[in-house]
2 protein chains.
Amino acid sequence: MYERGGAIGIFDSGVGGLTVVRQIASRLPREDIIYLGDTARVPYGTKSAETVVRYAHSCAGILLKRHIKLLVVACNTASAFALDSLRESLDLPVVGVVEPGARAALEKTKTMKIGIIGTRGTITSGEYQHTLQRLDPKVRVFSKACPLFVPLAEEGWTTGDVPAQIAAAYLCELIEHEVDTVVLGCTHYPLLRETIASVLGPSVALVDSAEATSEVVEKILASTDALCTSNSERSLHFLASDAPERFAQIGKAFLDHDIGDVEWVDF
Amino acid sequence: MYERGGAIGIFDSGVGGLTVVRQIASRLPREDIIYLGDTARVPYGTKSAETVVRYAHSCAGILLKRHIKLLVVACNTASAFALDSLRESLDLPVVGVVEPGARAALEKTKTMKIGIIGTRGTITSGEYQHTLQRLDPKVRVFSKACPLFVPLAEEGWTTGDVPAQIAAAYLCELIEHEVDTVVLGCTHYPLLRETIASVLGPSVALVDSAEATSEVVEKILASTDALCTSNSERSLHFLASDAPERFAQIGKAFLDHDIGDVEWVDF
């Protein structure tokens, strides 16, 4: 049994993981949440496995000092590269976003043809593909790295001609393969959901791993009797390794409400 | 007098500074060059002044261990934020890319209306604006951050409709202000030169700071009697803090020839 009093610790390379905070905060309204965005080293998606693993461990280290009962790796790239290594070395439950997203996609697909979009790191890791095929060997997986989606989302340039053309260029391969389900395999992508959905068309279902991840977090806490039941004023606390004001400003769109003060942390 | 035997040390947040290496290597064919791309922490252009200054000092520290006689800060953002601090603490000539670019722009402009494009960091620093106005108080400067140009250049997506539309959206303000000269205030932007030029039209001159910087390097070495005169087989050595293979692969387009082996360095 994990300590009820601890917070749910969540980290990501930057603001993207706030889409995961949003889902967890909404599903578990009594849980304290502490979030770290590694804005000094963002993005992870273009970097090597070794470097991402190193960064993931230093993020986890910061959160472990803050009294957490469960760790969510809200970054798809860090989930793909560093989850096993974090689980081996940490003595608390560690939840990634890849397996919950993969399971949600398998629940939605009818044709067993699933598309995965994500950063270059996530896609080249093959982690979604391996996870999906482990869960159901009959599935066919088509992957596409979409490196411009992160800067588009961070710039707030999420609708209109330019994002639509970029999305069309990236997604045409998935359309040709006739996938019926696409996993938004990067926490930034839900901000481009409308544009992506309009390019893929109404016959393709989109999966946002954030929602599926929040279900897994609830299940683990419930099964270990670690859910908060009496916290009437839960706290949401935000840390960033660089430019906390900009984190608060951009983060608003990801969290869907004001962030308030952000604490700067150094590594 | 600085040691003739040392190399020219050059650093940048990633591959972009290779456009500066290209100009220096071509102008000074006998000089040894050692280049560090901080690919583990790229980009700098979206990060705060404090963080960029810290990263710049750690890059300089790596190069200083390698026997250099002059340091070039090939990154516009690091030049804008960290040049003074590096000059104060280091005992060798330190050359940035901002002042050479500003001087070159003043030589080209006829209307004294100059546009600056760069990363968010470079533009918000105001460094080009201050430098230009210190050099000639009559100049009028119009600045625009173009955050998507770096990922476009790194993806090799430099021509066609999408980059043209993005460039048109960013550059329309400069066109309205009727600038006659635009400084490519980011080392990535020369790769998008064709697209930028076509959006701005033939009446606008483009300034690439890399060329101007190579002239300054030559002048400083000549004035301190530190130019190499007898190095028949000069060496070009490349270091990267992450993913050296990818650095070599993407870097080719920036350097305009093969890079060969890249050494991985840790901080």
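Things worth noting here:
- Test: residue in the stretch B:216-232 that is of a type in the set (D, E, K, R), closer than 30 Å to B:LEU106 by Cβ, not assigned by TED's automatic domain parsing to the domain that holds B:GLU31 and not in a loop (DSSP other than H, G, I, E, B): no
This table checks each residue for (1) touching a Ser or Thr at 6+ places or on another chain (Cβ under 7 Å); (2) among the charged types (D, E, K, R); (3) more than 14 Å from chain A (Cβ to nearest Cβ); (4) crowded, with 22+ Cβ neighbours inside 10 Å.
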residue	(1), (2), (3), (4)
B:THR19	yes, no, yes, yes
B:ARG22	no, yes, yes, no
B:CYS59	no, no, yes, yes
B:THR77	yes, no, no, yes
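- Among residues of the stretch A:5-16, those that are in contact with a strand residue (DSSP E or B) (Cβ under 6 Å, 6 or more places away or on another chain) and small (Gly, Ala, Ser), counted: 4
- Within the stretch B:213-231, residues that are hydroxyl-bearing (Ser, Thr, Tyr) have Cβ atoms under 6 Å from residues that are loosely packed, with under 15 Cβ neighbours inside 10 Å in these pairs: B:SER214/B:ARG27; B:THR224/B:MET1, counting only partners at least 6 apart in sequence or on another chain.
- Test: residue in the stretch B:164-173 that is at pLDDT 95 or above, within 18 Å of B:TYR128 (Cα to Cα) and away from every other protein chain (no Cβ under 14 Å): yes
- A:SER143 vs. criteria within 14 Å of chain B (Cβ to nearest Cβ) and over 30 Å from B:ALA145 (Cβ atoms): no
- Criterion applied to B:SER235, B:SER241 was being buried (at least 21 other Cβ atoms within 10 Å of the Cβ), within 24 Å of B:SER58 (Cα to Cα) and touching a residue at least 40 places away in the same chain (Cβ under 8 Å), and the one residue passing it is B:SER241.
- Condition met for A:ARG27 (closer than 30 Å to B:VAL42 by Cβ and modelled with pLDDT of 95 or more): no
- Residues of the stretch B:68-117 that turn out to be touching a residue at least 40 places away in the same chain (Cβ under 8 Å) and in a strand (DSSP E or B), as a count: 12
- Residues in the stretch A:9-50 that are outside any loop (DSSP other than H, G, I, E, B) and touching a residue at least 60 places away in the same chain (Cβ under 8 Å): 20 in all.
- Tally, over the stretch B:231-257, of residues that are hydroxyl-bearing (Ser, Thr, Tyr) and either more than 10 Å from every other protein chain (Cβ to nearest Cβ) or within 17 Å of the chain's Cα centre (by Cα) (or both): 2
- Hey, A:GLU154 within 14 Å of chain B (Cβ to nearest Cβ) and of a type in the set (Asp, Glu) or not: yes
- Between B:GLU194, B:GLU211, the distinction of being more than 14 Å from chain A (Cβ to nearest Cβ) and modelled with pLDDT of 95 or more belongs to B:GLU194 only.
- Annotation: B:ASP38 fulfils all but one of (1) over 16 Å from B:GLY251 (Cβ atoms); (2) within 14 Å of chain A (Cβ to nearest Cβ); (3) buried (at least 24 other Cβ atoms within 10 Å of the Cβ); the unmet one is (1).
- Failed item in (1) at pLDDT 95 or above; (2) crowded, with 21+ Cβ neighbours inside 10 Å; (3) closer than 21 Å to B:ASP38 by Cβ, with B:SER89 passing the rest: (2)
The values are calculated or read from the model by the stated rules, or taken from the named source; none is laboratory data. Please read these numbers as outputs of a predicted model, since none were measured by experiment. With ideal geometry, Cβ positions are generated from the backbone for all residues, glycine too; neighbour counts draw on all protein chains shown.
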